[in-house]
């Protein structure tokens, strides 16, 4: 092993021990991103790359939510490493879902909304999640559909049939997000909900609700009302207007 490799390995070991003792939430942004990059790049000094990524994206969440196409513009990132970075967010989602599945009941609305918020609130692209519940209203299955663009999810009737066939739920619910927008139902949202309800009824499955996660909160499509608020609608509208005026 070359001397500089030995030095880098020693630095990684010290970084590991620091985070193990202090907790990753108590180290600097650079140290946290650098530690994350050691999983992407098994060898070498990743400190300069951590600086470049934070200079471009500002924080860890923005880094892992960035598109591979944008990430490869950063010196030191190739197509393979860009994919590994962006797929990490899916591991976080998997952890959240796995730790809460079969523990959440639709009767525990706050826990269900917590899961929905964690899964959808800060996604940069539109995602749709199907939730399957057993006859005791316990969440047993989830399935996410996403798209690379900000709007429109690649979701078909076949996807719904496949979910029903594999999960065999007694009840289903669906949720999707409006990245950068309000949780206001669109005509397309209403049409999609009606199709899902009709399909569920054909399989003798009860449809619980359709939810929309926006900047302002979580809206129940069936109740046509918010079940959780994040921000005042007036503040959000002012924010959207200010963003549009700068474009």
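How far, in nm, would the chain grow between residue 11 and residue 73 when pulled straight, counting 0.36 nm per residue and subtracting the alpha carbon separation?
Details: separation 62, 0.36 × 62 = 22.32 nm, distance 2.67 nm.
Difference between extended and current length: 19.7 nm.
Kirkwood Rh over Cα pairs of the stretch 3-92 into Stokes-Einstein at 37 °C, 0.692 mPa s: D in µm²/s? Spell out each step's value before the answer.
On the way: Rh = 13.4 Å.
Answer from the Stokes-Einstein relation: 245 µm²/s.
Expressed as a fraction of 2.2 N^0.38 Å, the rule-of-thumb size for a compact globular protein of N residues, what is the C-alpha radius of gyration of the stretch 53-194? Please list the in-between numbers first.
On the way: Rg = 16.7 Å, N = 142, 2.2 N^0.38 = 14.5 Å.
Taking the Cα Rg and dividing by 2.2 N^0.38 Å, one obtains 1.15.
Could you work out how far apart the two model spin labels at residue 43 and residue 230 are, taking each label as a point 7 Å from the Cα in the direction of the beta carbon, and quote it in nm?
4.3 nm
Provide the FRET efficiency to the nearest 0.05 for the residue 137-residue 87 pair, computing r from the beta carbons and using R0 = 35 Å. Working shown, then result.
On the way: r = 32 Å, r/R0 = 0.92.
Computed FRET efficiency for residue 137 and residue 87: 0.60.
Taken together, the values in this text are just the output of simple stated rules run on the coordinates, not laboratory data. What you see is a predicted model, and the numbers here were worked out from it, not measured in a lab. Please note: Cβ atoms are built from the backbone with ideal geometry, for glycine as well, and neighbour counts cover all protein chains shown.
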